[in-house]
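One structure is given here, and the rest of the page talks about it.
The values are calculated or read from the model by the stated rules, or taken from the named source; none is laboratory data. In this text, all values refer to a predicted model and were calculated from it rather than measured experimentally. When we count neighbours, we look across all protein chains shown, and the Cβ atoms used for this are built from the backbone with ideal geometry, even at glycine.
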Amino acid sequence: MKLPIEPMHILLVEDDEDHAEFIKRILQRADPQVTLIRVKDGAEAISFILQKSPYQNRRLPALVILDLKLPKKSGHEVLEEIKSHGSYKSIPFVVLTTSDAEVDKERAYNHHVNSYLVKPMEAELFKKMLRELHLYWMNMNRPVSSVRSLDESFEDLDEMSPRGPL
Amino acid sequence: MDMQIPSLFNETLLRTIIESVPNGILLVDSQGKITLCNTEIEKMFGYAPAELLGKTVEVLVPISARSKHPAYRTDFSSHPSKRQMGAGRDLSGVRKDGSEIPVEIGLNYLILDQRKYFLASVVDITQRKMAEEKLHKAYDEVRQKNIEMEQFVYTVSHDLKTPLVTSSSFISFLKEDLEEKNYDSVFDSMDRLEKAHHRMQELIEDLLQLSRAGTLELKYEYTDISDIVTSIQESLADIIKEKNFKFSFHDLPKKVLCDRRRIYQVLENLINNALKYAADVKNPQIEVFGQETEKEIQICVKDHGPGVDPIYQKKIFGLFQRLDNSKEGTGVGLTIVSRIMQIHDGRCWIQSQPPDGCEFWIAFPKGKGKVYETTH
């Protein structure tokens, strides 16, 4: 029996126009069904996830791809705020940044991000990374989203793979 | 001086010895009376020769510790031993004129003609304390510089990588599009590559400027600020006109001791920012004015733009920190402003209550008094 698969709904928090465009194109190539919403700074990301104005009626993302260096509020600040909210803290976050500094990795993992990815300067590697990212989260979503409520499944994910490969 | 000096000592010998040591020496009897002292201690505490004799030793103890001191004496006399006074604590003594000096005191006791005496050897450690403080300050400065340097390298490496990621990404799209003869996209990719290239150039130029701002020696001269503002207004006349700004200035100080070129850079940065961020309002305005307080000469660049939310006000002075990426610039400008004001021993800050415009302030300390405040 085939399980129904919901198209994947991703929030991309990225201030750089070009990086956002690249990520979007590659993810949509990997899966044209993917819906991707992009916000440009940390403050907007928080409003979106917490469904504050003007995002009251937006669907919660199944995955947040988060840059760290952002205008207004940094990625770390976004994590701090979201992860302190009981009802939102189970949303999976993948950090995607140019920073490979230990301090950033440590801080991000301390906020229970699901993975920390450094944007490669080699385009082919970047493409591969994004394809694998999509594949991983697609598979993670597939069996659970159809049988269990969203919240439960994400809590499971956190337990199963707090620092999963992607 | 014929106090209770024991007969077995040759007074001349004793005098010579206690006058030869570089420390202050006090002999105190069990009542706390000073029975013997050397010139060194009189000089140290500002007393005339022999003036201290017969006084209780508490006159040399700071008021804050004076009432407890007799109890310490009693305590010492019941367990006398050779030791440092106030082990581990900072001690000070009070001079005749009331000023306090940091001291180190060695204690000993002796029994002469069946009477108990305490012998205190006092060292004035003012110079040492000053040297220590200087050392601490220098150490703190170096540490602060190191932290800044680390942050700088961290930020720079991040921000320089960004355009490189962009170019490698779009070069790969470019190849794909050329292979597929998809020429529309080719131009888009080329545009992005050009922008990334330009951005890299901008970043490097701004970084150079920033590093110069921090390393160059200041050339202090009395500077007329309205002169500076006038020439900035002239150099930016086209943009001011194009963006329909009303530009005015008043009450600017005529004589500020500063490095003219650096302060030009500061005001140019602030005015450029106002032109950039305060243009999208009905009647865009920039007003530059000065004011004096008791301690400072202050200059303000005020605009009527959307302002800056208080929660971001501290951040904006940080390197590469930007609130709106759609505006041009790299986020180095305010860091330069802050750095230049710092090396002038001045400060800079922002005052803004959105949506009612924005005031950027810079301040110079008056005279030689140093007003120093870090802004981020």
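Does B:S211 satisfy the criteria of being free of Cβ contacts under 8 Å to residues at least 60 places away in the same chain, closer than 30 Å to B:I263 by Cβ and not assigned by TED's automatic domain parsing to the domain that holds B:I271? Taking the combined requirement at face value, the residue satisfies it. Listed here are the strands (runs of 3 or more DSSP E) enclosed by the stretch A:37-145 that have at least 2 residues being within 18 Å of A:D18 (Cβ to Cβ) and within 14 Å of chain B (Cβ to nearest Cβ): A:93-97, A:115-118. Look through the stretch B:297-349, keep the residues that are assigned to a helix (DSSP H, G or I) and under 16 Å from A:A43 (Cβ atoms), and return whichever of them is farthest from the other protein chains (Cβ to nearest Cβ). The extreme case among them is B:P310.
State yes or no: is B:S167 away from chain A (no Cβ under 14 Å) and in contact (Cβ under 8 Å) with a residue 24 or more places away in the chain? Considered against the rule, which asks whether it is away from chain A (no Cβ under 14 Å) and in contact (Cβ under 8 Å) with a residue 24 or more places away in the chain, B:S167 comes out as no. Among the residues of the stretch A:52-92, the ones that are out of contact with any helix residue (DSSP H, G or I) (no Cβ under 9 Å at 6 or more places or on another chain), closer than 26 Å to A:E6 by Cα and surrounded by fewer than 17 Cβ atoms within 10 Å (Cβ to Cβ) come to 4 in all. When the test is whether a residue is among the small types (G, A, S), surrounded by fewer than 19 Cβ atoms within 10 Å (Cβ to Cβ) and in contact with a Leu (Cβ under 9 Å, 6 or more places away or on another chain), B:S226 passes it. When the stretch A:30-43 is filtered for residues that are more than 8 Å from A:L12 (Cα to Cα) and either in contact with a helix residue (DSSP H, G or I) (Cβ under 6 Å, 6 or more places away or on another chain) or touching a residue at least 24 places away in the same chain (Cβ under 8 Å) (or both), the ones remaining, listed by number, are A:A30, A:D31, A:Q33, A:V34, A:T35, A:K40, A:D41, A:G42, A:A43. Taking the criterion of being out of contact with any Phe, Trp or Tyr (no Cβ under 7 Å at 6 or more places or on another chain) and surrounded by fewer than 19 Cβ atoms within 10 Å (Cβ to Cβ), the residues of the stretch B:291-305 that qualify are B:Q291, B:E292, B:T293, B:E294, B:K295.
Tallying residues that are within 11 Å of chain A (Cβ to nearest Cβ) and surrounded by 13 or more Cβ atoms within 10 Å (Cβ to Cβ) within the stretch B:145-164 yields 10.
When the stretch A:15-29 is filtered for residues that are within 13 Å of B:S167 (Cα to Cα) and either away from chain B (no Cβ under 14 Å) or of a type in the set (D, E) (or both), the ones remaining, listed by number, are A:D16, A:E17, A:D18, A:E21. For the stretch B:331-341, state whether one or more residues are among the small types (G, A, S), more than 25 Å from B:Q201 (Cβ to Cβ), in the same structural domain as B:N269 (by TED's automatic domain parsing) and crowded, with 23+ Cβ neighbours inside 10 Å. No, that holds for no residue.
Applying the selection to the stretch B:190-202, what residues are touching a residue at least 60 places away in the same chain (Cβ under 8 Å) and touching a helix residue (DSSP H, G or I) at 6+ places or on another chain (Cβ under 6 Å)?
B:R199
Let me confirm something: among B:E221, B:E234, which residue is assigned to a helix (DSSP H, G or I) and not basic (K, R)?
Of B:E221, B:E234, the one residue that is assigned to a helix (DSSP H, G or I) and not basic (K, R) is B:E234.
With respect to the conditions (1) among the small types (G, A, S); (2) out of contact with any strand residue (DSSP E or B) (no Cβ under 6 Å at 6 or more places or on another chain); (3) closer than 19 Å to B:V28 by Cβ; (4) not in a helix (DSSP H, G or I), B:S121 lacks only one, and its number is (2). Summed over the stretch A:30-61, residues that are among the basic types (K, R) and under 23 Å from B:P163 (Cβ atoms) total 2.
Within the stretch A:86-103, residues that are under 17 Å from A:A45 (Cα atoms) sit with their Cβ atoms under 8 Å from residues that are of a type in the set (S, T, N, Q) and at pLDDT 90 or above, at 6+ positions apart or across chains, in these pairs: A:P92/A:N114; A:F93/A:N114; A:V94/A:N114; A:V94/A:S115; A:V95/A:S115. Take the conditions among the acidic types (D, E), surrounded by fewer than 17 Cβ atoms within 10 Å (Cβ to Cβ) and touching a residue at least 40 places away in the same chain (Cβ under 8 Å) and apply them to B:D251. Does it pass? The answer is yes for B:D251.
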